[in-house]
1. Starting with the highest mean, order 29-35, 58-64 by the number of other Cβ atoms within 10 Å, averaged over the residues of each peptide.
2. Give me a comma-separated list of calculated 3J(HN,Hα) values for region 102-114, in order, Karplus coefficients 6.51, -1.76, 1.60 applied at θ = phi - 60°, integers in Hz, x for any Gly or Pro.
3. Could you work out the relative contact order of region 43-112, using alpha carbon pairs under 8 angstrom and six or more residues apart, expressed as a whole percent?
4. Assign one of three labels to region 29-108, namely rounded, prolate or oblate, based on the Cα gyration tensor with a ≥ b ≥ c the square roots of its eigenvalues; rounded applies when a/c is under 1.5, prolate when it is not and a/b is larger than b/c, and oblate otherwise.
Amino acid sequence: MSGKRLAVSVAICLALVGQAQAGGVVASGELRFNGSIVEPSCTTTVASAGWRMDDCPALARDSVIGIQGVGEQALPAQAVHIDRAHSGDQTYRLVDEHGKPLTRGQYVVVVTSP
């Protein structure tokens, strides 16, 4: 009988501790950034066949490139892919799911560097 009482007592204590922690004060604040960007950006040129990024700093070579279609003629994002012209080259182009260059629609290309 005392074993059941002990188990019930422990369960009640744990429930009360959880309630006490849940009512804690939530602090708010402000985060400020002071500084500057010290790495140069890539030199980007755009042509009808795609775009090229030259003179990129070392970290920018591991950039993530995302695509968003704009307007009615744009294909859904999952149907658009980025094709690199040559391995190790910095030349890119947008292609459809069959690997053919896109000939219609407008797209926003977002390059996120680490």
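1. The most tightly packed comes first, giving 58-64, 29-35.
2. So the Karplus estimates, Gly and Pro as x, are 5, 10, 8, x, 10, 9, 9, 9, 10, 9, 10, 9, x Hz.
3. 36 percent.
4. oblate
Read-outs throughout are calculated quantities, based only on the coordinates presented, and are distinct from any laboratory measurement. The shown structure was predicted, so the numbers you read here are calculated from the model rather than taken from an experiment. Don't worry about glycine lacking a Cβ; one is built from the backbone with ideal geometry, like all the others, and counts go over all protein chains shown.
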